[in-house]
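Here the structure comes first, spelled out in structure tokens, and everything after it is commentary.
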Amino acid sequence: MVVKSEEEQRYTLTVAYPANKADIGVAQDGFRDFAAAAAVEKAAWNYLRKSPHVGLWHKDGTDGSGEVCESYIYRGPDWTVNAQDGSTQVIKSGDWLMGIIWSEDSWPLVKQGLI
């Protein structure tokens with residue numbers, strides 16, 4: 001008999017926007033986005049003033065899929081992160097990191113690697 005079960009935290013920490021690095025994909029306007037560290041910092045500081053809620057894939061009607069619990073500019077030395085899928089990512093000074101607690105409905109999508 002299970003008396004108590006530990007609930008999943010439904011938490012991820014991710015790069016919200018890298019500083020001084022062009023996006024991998026082309027934006028809707030046909031260009032690749034790029035932002036200097038100062039612009040990324042300003043965006044990070046202003047983001048939570050508007051809303052701590054996260055939507056999915058920038059689509060309307062998905063706000064509330066997650067809630068930001070951490071938002072900060074990474075200021076340390078390069079940090080190599082190994083993902084569960086075996087890929088690696090290097091976090092650099094000036095990158096905007098965001099910690100998100102996902103809704104119960106969104107969490108399975110995160111676990112499947114779709115988000």
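The values are calculated or read from the model by the stated rules, or taken from the named source; none is laboratory data. If you're wondering where the values come from, they're calculated on a predicted model, not measured in any experiment. Note: ideal-geometry Cβ built from the backbone for every residue, glycine included; neighbour counts use all protein chains shown. SASA here: full protein model, heavy atoms, side chains in, ligands and nucleic acids out. Shrake-Rupley method; radii C 1.70, N 1.55, O 1.52, S 1.80 Å.
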Give, rounded to the nearest 20 debye, the magnitude of the charge dipole that the chain has about its Cα centre when Lys and Arg contribute +1 at Cβ and Asp and Glu contribute -1 at Cβ.
-> 320
Top to bottom by accessible area (1.4 Å), largest first, where do Leu109, Leu114 land?
-> Leu114, Leu109
What number, in percent, do you get for the relative contact order of the chain if the mean sequence gap of Cα pairs under 8 Å and at least 6 apart is divided by its residue count?
-> 31
All other residues with a Cβ under 14 Å from the Cβ of Gly66 taken together, and with Lys, Arg as +1 and Asp, Glu as -1, what is their net charge?
-> -3
Helix-only mean residue ellipticity at 222 nm for the chain, each DSSP H run of n ≥ 4 adding -39500 (n - 2.57), per residue, nearest 500 = -5000 deg cm²/dmol
Working from the alpha-carbon coordinates of the chain, get Rg over Rh, Rh being the Kirkwood radius.
-> 1.00
In degrees from 0 to 90, rounded to the nearest 10, what is the angle of the helix 37-50 Cα long axis to the longest principal axis of the chain?
-> 40
Proximal charge balance of Pro52 [Cβ under 13 Å; K/R count +1, D/E count -1] = -1
Once you've got the GNM for the chain with C-alpha springs shorter than 10 Å, pick whichever of Ala16, Ala39, Ala83 has the biggest mean-square fluctuation.
-> Ala83
For Lys50, counting only lysines whose alpha-carbon sits under 29 Å away and dropping same-chain residues fewer than eight positions off, the answer is Lys21, Lys42, Lys59, Lys92, Lys111
Tell me, which longest segment in the chain has none of the GluC sites (Glu not before Pro) that fall in DSSP loops with at most 10 further Cβ atoms within 10 Å?
-> 9-103
